[in-house]
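This report concerns only the one structure given below.
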Amino acid sequence: MAIERTFSIIKPDATERNLTGAINALIEKAGLRIVAQKRIHMTRKQAETFYAVHKARPFFGELVDFMISAPVVVQVLEGENAVLKYRDVMGATDPSKAAEGTIRKLHARSIGENSVHGSDAAETAALEIAQFFSGNEIVG
Ligand code: CMP
């Protein structure tokens, strides 16, 4: 199976509770490699661009406000089938529906404050990675 990359964000609800290491441990335990990582405070413009696909949704304003409320950790994860594998590690968007042992089941507070983001497809991952990382910041 091909080695693939996906994009991850450890969200404000998780960084505020000092959960970066706990989440990274779950990522690494699943066999994914963190090949780039930085802690940033997103600007409103960055968050609006990142979530532009959700612009028409009623929760868009709340989502952007939340994502800029505290630092986040943006990451590139690498491994076999990384996009789908990370979605499994994260669990369902709504933590009340997430499987046991997943990041969201263990740590998320709500559907909005759900601790992590992961790309939904390889094509999206490439675009999301390019928004936050230049090629020489990714070391596989
Ligand atoms: P994420 O994977 O980052 O992609 C879009 C985000 O929108 C999602 O995780 C949730 O955090 C957020 N979201 C989805 N549905 C809702 C909702 N009903 N209310 C608030 N936020 C939501």
Inset, instruction - State whether the residues of the stretch 88-96 include one that is touching an Asp or Glu at 6+ places or on another chain (Cβ under 9 Å), near the ligand (Cβ under 9 Å from one of its atoms) and closer than 16 Å to residue 8 by Cα. - result: no
Inset, instruction - Considering only the stretch 99-140, state which residues are closer than 20 Å to residue 45 by Cβ and within 13 Å of the ligand (Cβ to nearest atom). - result: 117, 124, 128
Legend entry - Test: residue in the stretch 17-30 that is farther than 18 Å from residue 138 by Cα, polar (S, T, N, Q) and either loosely packed, with under 12 Cβ neighbours inside 10 Å or out of contact with any helix residue (DSSP H, G or I) (no Cβ under 8 Å at 6 or more places or on another chain) (or both): yes
Inset, instruction - Would you mention how many residues in the stretch 103-116 are buried (at least 21 other Cβ atoms within 10 Å of the Cβ) and touching a residue at least 60 places away in the same chain (Cβ under 8 Å)? - result: 6
Inset, instruction - Would you point out the residue of the stretch 1-56, among those that are of a type in the set (Gly, Ala, Ser) and touching a residue at least 60 places away in the same chain (Cβ under 8 Å), that is farthest from residue 127 (Cα to Cα)? - result: 22
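Only one residue in 62, 4, 48 is at pLDDT 95 or above and in a strand (DSSP E or B), so which one is that? Before you say what the answer is, go through the steps one by one.
Values: 62 fails: in a strand (DSSP E or B); 48 fails: in a strand (DSSP E or B).
Checking each option against the conditions leaves just 4.
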Inset, instruction - Considering each of 48, 4 in turn, give the residue that is over 17 Å from residue 114 (Cα atoms), surrounded by 13 or more Cβ atoms within 10 Å (Cβ to Cβ) and within 14 Å of the ligand (Cβ to nearest atom). - result: 48
Legend entry - From the options 59, 66, residue that is near the ligand (Cβ under 10 Å from one of its atoms) and either surrounded by 13 or more Cβ atoms within 10 Å (Cβ to Cβ) or free of Cβ contacts under 8 Å to residues at least 24 places away in the same chain (or both): 66
Legend entry - Selection status of residue 33, within 11 Å of the ligand (Cβ to nearest atom) and basic (Lys, Arg): no
Inset, instruction - Give the residues of the stretch 114-140 that are in a loop (DSSP other than H, G, I, E, B) and under 12 Å from the mean Cα position of the chain (by Cα), sorted by residue number. - result: 114, 115, 119, 120
Inset, instruction - Return only the number of the condition from (1) of a type outside the set (Asp, Glu); (2) surrounded by fewer than 22 Cβ atoms within 10 Å (Cβ to Cβ); (3) within 13 Å of the ligand (Cβ to nearest atom) that residue 85 does not satisfy. - result: (3)
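The values are calculated or read from the model by the stated rules, or taken from the named source; none is laboratory data. As the structure is a computational prediction, the values presented were derived from the model and not from experiment. Every residue, glycine as well, gets a Cβ built from its backbone with ideal geometry; the counts of neighbours run over all protein chains shown.
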